[in-house]
Amino acid sequence: MKVSIIGSGYVGSVTAACFAELGHQVICIEIDETKVEQVNAGIPPIYEEGLEELMQRHAGKLLSATSDYDYAVQNSDISFICVGTPSGDDGAIDLSIVRAATASLGRALSRKKNYHIVVVKSTVVPETTEKVVLPILEEYSGKRAGVDFGVGMNPEFLREGNAVYDFMHPDKIVVGAIDGRSGAIISELYRGIDCEITHTGPKTAEMIKYVNNSLLATKISFSNEIGNICKKLGIDTYEVMDAVGKDFRISPYFLNSGVGFGGSCFPKDVKALVGKAKDIGYDPILLESVINVNDRQPLKMVELLEQKIDRITGKKIAVLGLAFKNDTDDIRESRSIPVISELLRLGAEVFAYDPMAAGNMGKVFSNITYCDTAVEALADADACLVMTEWEEFRSIDFKFGVMKNKLVIDGRHLIKVKDIKEDIDYVGLCW
Ligand code: NAD
């Protein structure tokens, strides 16, 4: 099939490369010309394991990019909207990027003779596809949805860091279409993937994505609250959650307490659902608490540090990990951002190391030192804060011995205490 993908960020690049791998002809539409050039040269605009290999294999053959909506729409049968849906100032969803992309798509559709399908893959609050995207398409194309063009919503559940694998091996595919014709054509694209397709209407598909992320975020905040209580009681919360997770109704996943969740999805998606609930006159007290607990966790790390060293002012603090999670260079809503801000506010000198995300964090903090290795960050440090679950931090090969004061605060429960041979003060955030 012939597909166009609007937006070449995390979701758009992975979707485009994976559809090409499934044998479809894919055209990416991107407003950032640098990304257009990158995709055409087979260079992924973002880092994801396995993405470069797919892009190199298909660029110039099944995969190309352009900033020209007309060209892409004329040369495809189905377009996926994969642009960002950030939080607005009040936390509710900001649909301005979706509206702009949809208007461009509508204009291009007005000049198209054949039937076309538009699919929203961006995460959007329930009712957006039918009450925002569809009317904009009709207005700018002068055509009628369900007659001249089809519309669907197909949420994306990939995990950054495992995005290519997750796209090709999903545990669910949800297709929410306005009619049977649209649903059948969208489903056909996934024929090469071994996964049952759940068919719904658009607003149910939109809701499934929010419930998925909100439930995972709730498990994390719940585990952090339990971890904070356990720490006060001198109970190892990981021992508790290990046993609790053996209940098949609960599962062992997402029960690890620590410094909280970040990334481009969980915080913004929970806030967007809170915003939507309030919009329709419902007070979502549980979802608001999920965000409140998460906002407090990173500051607990600095509180612990303050308890352990007299004054933070002038102290050298090593921060290990800047990405919001391991195996990505993405720093959006990374928990290291509020921690570093607080450290700087208190007058610390921050020496940070991350295997991939230092370049991106450089755009947020120009007043900290970025180190090339963990040992360089740790040398002569007064304390070390572990922020990201990178595999290389799991082994203590990088030697805490080079620190001036051997205090390690582990926000990810990563370092195995029994393996530590040095005489260090090792403090977990939640036990
Ligand atoms: P992103 O910001 O990384 O990428 C968006 C891309 O769209 C950018 O490259 C931007 O230049 C481009 N763009 C903006 N306006 C455009 C326009 N008018 N025309 C063409 N291109 C345009 O975003 P992302 O992380 O890929 O997320 C996209 C959507 O997918 C969001 O709604 C997000 O919530 C959702 N999502 C993200 C993930 C994830 O792990 N990142 C997972 C599932 C769902």
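The values are calculated or read from the model by the stated rules, or taken from the named source; none is laboratory data. Because the structure is predicted, anything quoted here is derived from the model rather than measured. All Cβ positions, glycine included, derive from the backbone under ideal geometry; neighbour counts span all protein chains shown. When the accessible area is computed, the model is the full protein with side chains, heavy atoms only, and any ligands, DNA or RNA have been set aside. Shrake-Rupley method; radii C 1.70, N 1.55, O 1.52, S 1.80 Å.
Go through the residues of segment 40-47 one by one and say whether even a single one is modelled with pLDDT under 95 and closer than 26 Å to Pro267 by Cα.
So far as segment 40-47 goes, yes, one or more of its residues are modelled with pLDDT under 95 and closer than 26 Å to Pro267 by Cα.
Just the residues that are over 19 Å from the mean Cα position of the chain (by Cα) and open to solvent by less than 50 Å² (accessible area, probe 1.4 Å), please, taken from segment 71-94.
Of everything in segment 71-94, those that are over 19 Å from the mean Cα position of the chain (by Cα) and open to solvent by less than 50 Å² (accessible area, probe 1.4 Å) turn out to be Ala72, Val73, Ser76, Ile78, Ser79.
Quickly run through segment 175-200 and pick out the residues that are under 20 Å from Ala145 (Cβ atoms) and surrounded by 16 or more Cβ atoms within 10 Å (Cβ to Cβ).
Matches in segment 175-200: Val175, Gly176, Ala177, Ile178, Ser182, Gly183, Ile185, Ile186, Ser187, Leu189, His199, Thr200.
Quick one: Thr369 ticks every box in (1) free of Cβ contacts under 8 Å to residues at least 24 places away in the same chain; (2) within 20 Å of the chain's Cα centre (by Cα) bar one, so which box is it?
Status for Thr369: all satisfied but (2).
Going through segment 39-53 one residue at a time, which ones are away from the ligand (no atom under 16 Å from the Cβ), assigned to a helix (DSSP H, G or I) and surrounded by 15 or more Cβ atoms within 10 Å (Cβ to Cβ)?
Matches in segment 39-53: Glu52 only.
Working only within segment 239-256, note down all residues that are among the polar types (S, T, N, Q) and surrounded by 14 or more Cβ atoms within 10 Å (Cβ to Cβ).
The answer is Asn256, and nothing else.
Among the residues of segment 257-288 satisfying the criterion of being open to solvent by 30 Å² or more (accessible area, probe 1.4 Å) and part of a loop (DSSP other than H, G, I, E, B), which is nearest to the ligand (Cβ to nearest atom)?
Looking only at segment 257-288, we keep the residues that are open to solvent by 30 Å² or more (accessible area, probe 1.4 Å), and these are 265-266, 268, 271, 276, 278-283, 285-288.
Going one step further and asking which of them are part of a loop (DSSP other than H, G, I, E, B), we end up with 265, 280-283.
Values: Cys265: 5, Ile280: 21, Gly281: 25, Tyr282: 22, Asp283: 24 Å.
Looking at the filtered set, the residue picked out is Cys265.
I need the full set of residues from segment 54-69 which are surrounded by fewer than 16 Cβ atoms within 10 Å (Cβ to Cβ) and touching a Lys or Arg at 6+ places or on another chain (Cβ under 8 Å), in order please.
Those that are surrounded by fewer than 16 Cβ atoms within 10 Å (Cβ to Cβ) and touching a Lys or Arg at 6+ places or on another chain (Cβ under 8 Å): none in segment 54-69.
Could you please find all residues in segment 164-183 being under 30 Å from Trp390 (Cβ atoms) and not in a loop (DSSP other than H, G, I, E, B)? Please lay out each step first, then the result.
Taking segment 164-183 first, the residues under 30 Å from Trp390 (Cβ atoms) are 164-172.
Result: Val164, Tyr165, Asp166, Phe167, Met168.
Starting from segment 121-142, keep only residues that are under 23 Å from Val270 (Cβ atoms) and in the same structural domain as Phe167 (by TED's automatic domain parsing), then list their pairs with residues that are in a loop (DSSP other than H, G, I, E, B) and of a type in the set (Asp, Glu) whose Cβ atoms are within a distance under 7 Å, requiring at least 6 positions of separation or different chains.
These pairs meet every condition: Lys121/Glu156.
Name the strands (runs of 3 or more DSSP E) wholly inside segment 60-163 in which the number of residues that are within 15 Å of the ligand (Cβ to nearest atom), within 25 Å of Leu273 (Cα to Cα) and of a type outside the set (Asp, Glu) is 3 or more.
116-120
Has segment 344-363 got at least one residue that is under 23 Å from Ile226 (Cα atoms) and part of a loop (DSSP other than H, G, I, E, B)?
Step one: filter segment 344-363 for residues under 23 Å from Ile226 (Cα atoms), giving none.
No.
Exactly one condition in (1) more than 21 Å from Met153 (Cα to Cα); (2) of a type in the set (S, T, N, Q); (3) open to solvent by less than 50 Å² (accessible area, probe 1.4 Å); (4) within 14 Å of the ligand (Cβ to nearest atom) is false for Thr34; which is it?
Checking Thr34 against (1) more than 21 Å from Met153 (Cα to Cα); (2) of a type in the set (S, T, N, Q); (3) open to solvent by less than 50 Å² (accessible area, probe 1.4 Å); (4) within 14 Å of the ligand (Cβ to nearest atom), the one that fails is (3).
Got a sec? Which of Ala163, Ala101, Ala145, Ala108 is under 17 Å from Ile6 (Cβ atoms) and in contact with an Asp or Glu (Cβ under 8 Å, 6 or more places away or on another chain)?
Values: Ala163 fails: under 17 Å from Ile6 (Cβ atoms); Ala101 fails: in contact with an Asp or Glu (Cβ under 8 Å, 6 or more places away or on another chain); Ala145 fails: under 17 Å from Ile6 (Cβ atoms).
Ala108 is the lone residue from the list that is under 17 Å from Ile6 (Cβ atoms) and in contact with an Asp or Glu (Cβ under 8 Å, 6 or more places away or on another chain).
Is there any pair linking a residue in segment 209-238 that is surrounded by fewer than 18 Cβ atoms within 10 Å (Cβ to Cβ) to one that is modelled with pLDDT under 95, with Cβ under 6 Å and at least six apart or on different chains, and which?
The qualifying pairs are Asp236/Trp431.
Working carefully through the options Asp171, Asp179, Asp166, Asp194, find the one that is in contact with a Lys or Arg (Cβ under 6 Å, 6 or more places away or on another chain), farther than 16 Å from Gln297 by Cβ, in the same structural domain as Asn114 (by TED's automatic domain parsing) and of a type outside the set (A, V, I, L, M).
Answer to the selection: Asp166.
Return yes when Gln56 is more than 22 Å from Ile78 (Cα to Cα) and either touching a Phe, Trp or Tyr at 6+ places or on another chain (Cβ under 7 Å) or more than 10 Å from the ligand (Cβ to nearest atom) (or both) and no when it is not.
yes
Just one of (1) open to solvent by 30 Å² or more (accessible area, probe 1.4 Å); (2) more than 12 Å from the ligand (Cβ to nearest atom); (3) not in a loop (DSSP other than H, G, I, E, B) trips up Val3, so point out which.
For Val3, the exception is condition (1).
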